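So the structure is just underneath, and the comments pick up after that.
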Amino acid sequence: LLLGGVLGGMVSLGVIVAFPGSSNILFLGCALMGISVAPLFPCTYALCNLQLGMTGKRTGFFYMGGASGAMTMPLFFGSFLKDNGAINMIIAMLGSMCVSFLLLVIIYIFIFRKERLKTLSSCIPCST
């Protein structure tokens, strides 16, 4: 669901960038972006809960990070929009989604390795 959401966001932003003059495509891309990105925060929290076992302190840091991103990203994109124009803001958002995708793939690789090592270590017989 996480990878699908990030890929859906990338596709919707790519469609908006590919057809910049069409208001119908803009509406469709915005709707697809909203549908794709909506489950990202709760699914990320669930993934952290499965991998780390969320405590009150970790949950506080998780929500603090989310709130910090909710404050800083509009500030960054707003100043970028003022200086460079609207289509460049969408391109910057597409770049942000690409970075998110790469980070998510790296996280999944580490999770897969951790699960694989756990499975392999349980198969090794004890020599005692």
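The values are calculated or read from the model by the stated rules, or taken from the named source; none is laboratory data. The shown structure was predicted, so the numbers you read here are calculated from the model rather than taken from an experiment. Cβ atoms come from the backbone with ideal geometry, glycine included; neighbour counts cover every protein chain shown. Only protein heavy atoms, including side chains, enter the accessible area calculation; ligands, DNA and RNA are left aside. Shrake-Rupley method; radii C 1.70, N 1.55, O 1.52, S 1.80 Å.
List of remarks:
- Accessible area of the chain belonging to carbon and sulfur atoms, whole % at 1.4 Å probe: 75 percent
- Relative packing of peptides 15-24, 37-46, 87-96 - highest average C-beta neighbours within 10 Å first: 87-96, 37-46, 15-24
- Shape of the range 1-90, Cα gyration tensor, a/c cut at 1.5: oblate
- Net charge in the neighbourhood of Phe110 (other residues with Cβ under 13 Å of its Cβ; Lys, Arg +1, Asp, Glu -1) is +3.
- Loop-located trypsin sites (Lys or Arg not before Pro) in the range 25-128 (DSSP state other than H, G, I, E, B) with a sparse environment of at most 13 neighbouring Cβ atoms within 10 Å are absent.
- The residues of the chain expose, per residue, 69 Å² of accessible area to a 1.4 Å probe.
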